[in-house]
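Every number here is computed from the coordinates shown, using simple stated rules; none is lab data. Everything numeric in this text was worked out from a predicted model, so none of it was measured. All Cβ positions, even for glycine, are placed from backbone atoms using ideal geometry, and neighbour counts span all protein chains on display.
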Amino acid sequence: MAKIKDEQLQKINELKNRYNEIVFILGDIEIRKKELEFEHNNLLAEFGRAKEEEQKLLDEIQKEYGDGNLDTTTGEFTPKVN
């Protein structure tokens with residue numbers, strides 16, 4: 001049975017360790033990607049709920065004040081002129 005040189009064995013083990021490190025990092029990245037995807041989906045859902053809530057409020061304002069423009073800074077409502 002032949003034995004490889006110590007330098008070759010050391011290099012193989014260094015490469016194997018580096019390979020394991022890369023695999024570990026890739027796994028960590030995949031987990032973070034899934035977490036970000038989950039957070040992204042939650043934020044999209046929250047955005048949709050906020051848009052629905054905004055539309056309901058605008059519908060209430062329109063029902064109470066009619067068609068027009070609302071200045072969200074001052075709260076002033078200007079009726080639409082026909």
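With GLN62, GLN55, GLN10 as the choices, which residue is more than 37 Å from the chain's Cα centre (by Cα) and free of Cβ contacts under 8 Å to residues at least 12 places away in the same chain?
Being more than 37 Å from the chain's Cα centre (by Cα) and free of Cβ contacts under 8 Å to residues at least 12 places away in the same chain holds for just one of GLN62, GLN55, GLN10, which is GLN10.
Take the conditions exposed (fewer than 10 other Cβ atoms within 10 Å of the Cβ) and either assigned to a helix (DSSP H, G or I) or touching a strand residue (DSSP E or B) at 6+ places or on another chain (Cβ under 6 Å) (or both) and apply them to LYS16. Does it pass?
Considered against the rule, which asks whether it is exposed (fewer than 10 other Cβ atoms within 10 Å of the Cβ) and either assigned to a helix (DSSP H, G or I) or touching a strand residue (DSSP E or B) at 6+ places or on another chain (Cβ under 6 Å) (or both), LYS16 comes out as no.
Which residue is farthest from ASN82 (Cα to Cα), if the candidates are limited to region 42-52 and must be under 17 Å from the mean Cα position of the chain (by Cα) and of a type outside the set (Gly, Ala, Ser)?
ASN42
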